[in-house]
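Chemist: I'd like to ask you about the structure that follows.
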Ligand SMILES: *Cc1c(COP(=O)(O)O)cnc(C)c1O
């Protein structure tokens with residue numbers, strides 16, 4: 001059991017020695033200072049501080065440590081050179097309120113990234129401001145609302161398939177829309193008749209992911225976009241699965257009007273653990289004037305921040321977005337260049353390879369060619385008393401991060417696997433073989449499977465208690 005840093009206290013040891021006599025701490029008047037005499041702080045040497053936090057970080061699972069096939073999250077390799085680039089002094093020390101003429105390099109980078117994302121998405125204008133996919137959705141829904149306000153229509157409904165990510169209905173509801181859920185058909189795609197039944201002059205938008213969260217391409221997308229447009233509605237594209245289609249098609253060709261892209265998924269930025277992301281939003285020409293301000297523009301000689309958009313929804317985030325994430329994404333795009341198409345090709349190939357190997361051992365509810373991810377079901381394993389959660393825990397003992405489980409909701413006991421393009425065949429085979437071993441263990445000795453995990457820093461936890469009554473504070477404080 002790791003001790004807390006407070007429990008490692010060894011009185012009068014110092015983690016840091018400030019020896020610079022030039023530092024004068026007396027510049028703040030005493031009356032503004034807190035009395036810290038009874039503050040409890042850990043007393044521990046500098047070397048031990050370092051070891052303590054290294055030990056904690058070693059307990060973490062991360063992409064640097066093993067395969068991370070978390071469906072929907074695109075946990076791909078993040079080139080380390082990106083970290084070097086976004087940490088360049090010229091970027092880090094730049095103040096966001098600095099004048100345009102003093103920030104030409106950063107503005108040029110943002111402008112070029114906007115242009116690149118326009119190419120990938122097919123959209124006509126981009127805002128880099130939203131901090132994540134979910135905030136991109138929120139931005140998109142605010143644009144939908146303001147657009148209909150501007151043409152004097154009060155449309156109230158946003159249509160969302162039952163396979164959608166939970167952030168879709170949440171974003172629509174936060175903007176005051178009624179969410180209308182439609183069922184998927186037997187192929188795991190939007191049921192056209194169900195869509196027709198709910199479309200009317202109250203339809204503001206439909207929110208779609210394509211490929212959808214089952215990893216299946218909506219083959220009727222052109223019919224869907226025509227139906228929605230004919231009813232006067234807009235189409236919102238949840239771009240979280242863009243990793244599957246880059247260079248092959250884009251949301252503009254499919255008929256979408258608004259798009260968000262998750263730079264931290266598709267364009268390689270470390271994520272997980274809630275770290276910073278970026279969810280740029282792109283729109284078609286007629287919605288350009290509704291984007292959040294400022295956007296970055298170029299007049300042929302200078303890059304500048306543009307604030308005067310006629311119908312702008314305003315600001316959505318402090319300053320201009322998560323700049324360091326933008327630097328990483330831009331570096332990744334330059335690094336791969338036209339190879340973005342190869343990224344998607346390999347992601348799709350890897351997923352189909354794994355799906356076809358694993359479908360003989362686990363149920364595959366939608367047995368069709370997949371895109372960059374696929375969804376198995378652990379339903380039949382429950383007869384042996386082993387559910388999907390137990391399979392996930394068992395995987396952890398083989399040094400694999402479990403896939404996404406129990407999502408999408410329309411698949412019982414869902415196991416959602418996304419290998420990404422960046423893993424070798426060896427790694428994919430290791431994972432496949434482990435999954436096959438687990439399937440055999442479930443047949444032969446299901447009770448044993450339930451004992452896992454045993455090799456992880458934290459063993460089996462009471463999931464309900466951990467969610468409802470998390471015990472996170474150091475009691476002595
Ligand atoms: C990840 C994801 C989102 C939300 O994006 P965040 O960047 O995590 O806010 C939305 N939809 C789908 C399909 C996703 O996979």
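The values are calculated or read from the model by the stated rules, or taken from the named source; none is laboratory data. Please read all numbers here as calculations on a predicted model, not as lab measurements. Note that we place each Cβ from the backbone using ideal geometry, even for glycine, and neighbour counts take in every protein chain shown.
Chemist: Could you list, in sequence order, the residues of region 247-278 that are away from the ligand (no atom under 11 Å from the Cβ) and surrounded by 23 or more Cβ atoms within 10 Å (Cβ to Cβ)?
Modeler: Those that are away from the ligand (no atom under 11 Å from the Cβ) and surrounded by 23 or more Cβ atoms within 10 Å (Cβ to Cβ): 251, 256, 257, 258, 259, 267, 268.
Chemist: Would you call residue 110 within 16 Å of the ligand (Cβ to nearest atom) and either modelled with pLDDT under 95 or in a helix (DSSP H, G or I) (or both)?
Modeler: Against the criterion (within 16 Å of the ligand (Cβ to nearest atom) and either modelled with pLDDT under 95 or in a helix (DSSP H, G or I) (or both)), residue 110 does not qualify.
Chemist: What is the number of the single condition among (1) touching a residue at least 60 places away in the same chain (Cβ under 8 Å); (2) within 16 Å of the ligand (Cβ to nearest atom); (3) within 22 Å of residue 224 (Cα to Cα); (4) part of a helix (DSSP H, G or I) that residue 171 does not meet?
Modeler: (1)
Chemist: Sticking with this one: Let me confirm something: among 410, 438, 442, 391, which residue is farther than 25 Å from residue 60 by Cβ, part of a helix (DSSP H, G or I) and touching a residue at least 40 places away in the same chain (Cβ under 8 Å)?
Modeler: Among 410, 438, 442, 391, only 442 is farther than 25 Å from residue 60 by Cβ, part of a helix (DSSP H, G or I) and touching a residue at least 40 places away in the same chain (Cβ under 8 Å).
Chemist: Evaluate region 16-23: report whether one residue or more is surrounded by 12 or more Cβ atoms within 10 Å (Cβ to Cβ) and assigned to a loop (DSSP other than H, G, I, E, B).
Modeler: No - not one qualifying residue is present in region 16-23.
Chemist: Another question, then. From the list 234, 199, exactly one residue is more than 14 Å from the ligand (Cβ to nearest atom) and either surrounded by fewer than 24 Cβ atoms within 10 Å (Cβ to Cβ) or not assigned by TED's automatic domain parsing to the domain that holds residue 292 (or both). Which is it?
Modeler: The conditions single out 199.
Chemist: Quick check, is residue 426 in the same structural domain as residue 390 (by TED's automatic domain parsing), outside any loop (DSSP other than H, G, I, E, B), farther than 21 Å from residue 376 by Cβ and under 30 Å from the mean Cα position of the chain (by Cα)?
Modeler: yes
Chemist: For region 147-156, does any single residue satisfy the condition of being within 16 Å of the ligand (Cβ to nearest atom) and without any contact (Cβ under 8 Å) to a residue 60 or more places away in the chain?
Modeler: no
Chemist: Give the residues of region 187-201 that are under 13 Å from residue 219 (Cβ atoms) and more than 28 Å from the chain's Cα centre (by Cα), sorted by residue number.
Modeler: Within region 187-201, just 192 meets the criteria.
Chemist: For region 127-146, which residues satisfy the criterion of being touching a strand residue (DSSP E or B) at 6+ places or on another chain (Cβ under 7 Å) and more than 16 Å from the ligand (Cβ to nearest atom)?
Modeler: 143, 144
Chemist: Inside region 202-231, can you point out the residues that are outside any helix (DSSP H, G or I) and either more than 16 Å from the ligand (Cβ to nearest atom) or more than 22 Å from the chain's Cα centre (by Cα) (or both)?
Modeler: 202, 203, 204, 205, 219, 220, 231
Chemist: Listed residues 420, 336, 368; which is in contact with a helix residue (DSSP H, G or I) (Cβ under 7 Å, 6 or more places away or on another chain), in a loop (DSSP other than H, G, I, E, B) and either in contact (Cβ under 8 Å) with a residue 24 or more places away in the chain or within 30 Å of residue 247 (Cβ to Cβ) (or both)?
Modeler: The match here is 420.
Chemist: Oh, and also: Got a number for residues in region 55-78 being outside any loop (DSSP other than H, G, I, E, B) and away from the ligand (no atom under 16 Å from the Cβ)?
Modeler: 5
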